[in-house]
Amino acid sequence: MEHIHVIGGGLAGLTAAITAAESGARVTLYESHRALGGRARTAEGPYRANEGPHALYRGGPHHTWLARRELLGPVLPVPPLEGLRFRFRRSGAARRTPPVALPRLARRSARTAPVDGGFLDWATGQVGEEGARAAANFAAAALFHHDPGGLSARFVQERLVRLASLPPEARYPAGGWGRLVERLAGHARAIGVTVETAARVDTRTLGELSRTGPVVVATSLDAARTLLDDASLTWESGRTVLVDLAVRTRRGDAFVVSDLDAPGWLERFTAQDPGLAPAGEQLLQGQFPIGPDARRAEGTVRAEELLDLGFPGWRERTTWRSEALADGRTGAVDRPGTTWRDRPSVVRGDGIFLAGDQVAAPGLLSEVSFTSGIEAALLAVKAAGRRPGSGVDLNRT
């Protein structure tokens, strides 16, 4: 049986490797780092922060896929009482409720929003400009983009509907996303996937691998562009400042502070998973999108404004803090006139297939990695089955 090679050990690569192995293929996964997970890694140590705010959405395809394989593990919903600690920044002040226009708009089916028009223009026609701007900034929690109102109305509305659903779709893997990666990696090895870490694949190595079987490239789009020497592998993503903070616990702290004056989001992750920080401390994670020419300090200032509103005295209570700039690492965004079908195709030719969060596949954030990983793996299995002497049974796909 010919090999199927998977390059990249993040969510897309692990999903692709498992799917190919379950289809009867012999699979090797190559990860350039010493640890698997990609952007789904969780920091070790007393503060178990993900690389930016992460959530698994119950209505998404990988929730069902993981559950069927008993890989979901313990996942935590938003505690009901924490819904009372949701705060919205409106006109510079913290409020307990959003403008009425926001939930009204979130009840509209995404199918009613045009692909060709911008979200702000369409939403203004639905609920007025003030409500439309608030909804755009609220939706930035799932966009990581500095101008959500300028993106495709259909694209943004799909995310707004899911973000504002009741009960909330968001679920949180206990112990952080790193625990989910551990389960995926353990399952992959158990069904026969060979996992090689600290194994960097360059253009020469790629050529050698492709001579022995199909290859799934499950890296960032930037890395894939270099590896495949393909300048067409580009798509717009967000640029956002990630702020992680641990503070000593204080009664009355907010659960979430959502900025409706500008794109931004801050969440207390220990509300649902106290083990992410030492006893008596809370772990906060937030993201604050900035424009292509803005400096990181702009996002930091906005983060501190939300902290002032939701976590009084946070400066004196801070025990740990970390910041980073995520540029082009937060998934695809679609401009008016484009959809996920216009993104770089999974099929690259010559037995090469592409997976990742900026590839032509549907879904919300990490769901794109998941769905593209499955599609790339099944196409790779079929390609291997067409090669002379392959032992892959296409009926199993």
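The values are calculated or read from the model by the stated rules, or taken from the named source; none is laboratory data. In this text, all values refer to a predicted model and were calculated from it rather than measured experimentally. Heads up, the Cβs are rebuilt from the backbone with ideal geometry, glycines too, and the neighbour counts pull from every protein chain shown. Accessible surface is based on the protein model in full, side chains and every heavy atom, while ligands, DNA and RNA are left aside. Shrake-Rupley method; radii C 1.70, N 1.55, O 1.52, S 1.80 Å.
In this rough spin-label picture, where each label sits 7 Å from Cα along the Cβ direction, the D222-R250 distance is 3.7 nm.
The listed peptides 298-309, 239-250, 75-86, ordered by packing as a protection proxy, come out as 239-250, 298-309, 75-86 (highest mean of other Cβ atoms within 10 Å first).
The convex hull drawn around the Cα atoms of the stretch 79-153, when projected onto a plane and averaged over every direction, covers 5.5 nm².
Each 10 Å bin, from zero up to the one with the longest distance, holds this percent of the alpha carbon pairs of the stretch 89-214: 11, 29, 18, 18, 17, 7, 0. Cβ-Cβ distance of A294 and T212, R₀ of 41 Å, FRET efficiency by 1/(1 + (r/R0)^6): the value works out to about 0.35. Give me the base-10 log of I(q)/I(0) for the stretch 273-397 at each q in 0.10, 0.19, 0.21 Å⁻¹, Debye formula, one uniform scatterer per Cα, rounded to two decimals. Debye output, listed in q order: -0.57, -1.08, -1.18. Highest-first packing order for the peptide set 127-135, 112-120, 317-325 is 127-135, 112-120, 317-325, based on the mean count of other beta carbon atoms within 10 Å. Annotation: extensible slack from T319 through T197 equals 40.6 nm (criterion: 0.36 nm per residue apart, minus Cα-Cα distance). By the Cα gyration tensor, the chain has an equivalent ellipsoid whose semi-axes, rounded to whole angstrom, run 37, 24, 18 from largest to smallest.
What is the percent carbon and sulfur in the accessible area of the chain, measuring with a 1.4 Å probe over the protein chains and ignoring ligands? The nonpolar share, carbon plus sulfur, comes to 50 percent. One compactness figure for the stretch 51-101 is 1.63, namely its Cα radius of gyration divided by 2.2 N^0.38 Å. Bridges between two residues of the stretch 1-152, per DSSP, are antiparallel at a rate of about 45%. The share of alpha-carbon pairs in the stretch 160-310 lying farther apart than 29 Å comes to 42%. Seen against the Cα atoms of the chain and their longest principal axis, helix 11-22 is set at about 40 degrees. Computed from phi, the 3J(HN,Hα) profile of the stretch 229-234 under the Karplus parametrisation 6.51, -1.76, 1.60 (θ = phi - 60°) reads 6, 10, 5, 6, 7, 9 Hz, with x in place of Gly and Pro. Heavy-atom accessible area, probed at 1.4 angstrom with all protein chains present, ranks H62, H54, H146 as H146, H54, H62, highest first.
Using the Karplus relation 6.51 cos²θ - 1.76 cosθ + 1.60 with θ = phi - 60°, the per-residue 3J(HN,Hα) values for the stretch 94-100 come to 7, 10, 7, 10, x, x, 4 Hz, with x marking Gly and Pro.
Counting 0.36 nm for each residue step from A93 to R341 and taking away their Cα separation leaves a gain of 85.3 nm. The relative contact order of the chain, computed from alpha carbon pairs under 8 Å that lie at least 6 residues apart in sequence, is 26 percent. Inter-label distance, D230 to T205: 1.9 nm, where each label sits 7 Å from its Cα along the C-beta direction. Only beta bridges with both residues in the chain are counted; by DSSP, about 65 percent of them are antiparallel. Taking amide H as placed 1.01 Å from N in the peptide plane, the amide H of G331 sits under 5 Å from that of G238, each at least 5 places away or on another chain. Rg of the Cα atoms in the stretch 150-245, relative to 2.2 N^0.38 Å, amounts to 1.51. Projecting the alpha carbon convex hull of the stretch 7-138 along each direction and taking the average yields 12.8 nm². Against the criterion of solvent-accessible heavy-atom surface with a 1.4 angstrom probe, R90, R159 sort, most first, into R90, R159.
For the chain, the solvent-accessible area with a 1.4 angstrom probe is 42 square angstrom per residue.
Each peptide among 207-220, 341-354 gets the average number of other Cβ atoms lying within 10 Å of its residues, and from highest to lowest they stand as 207-220, 341-354.
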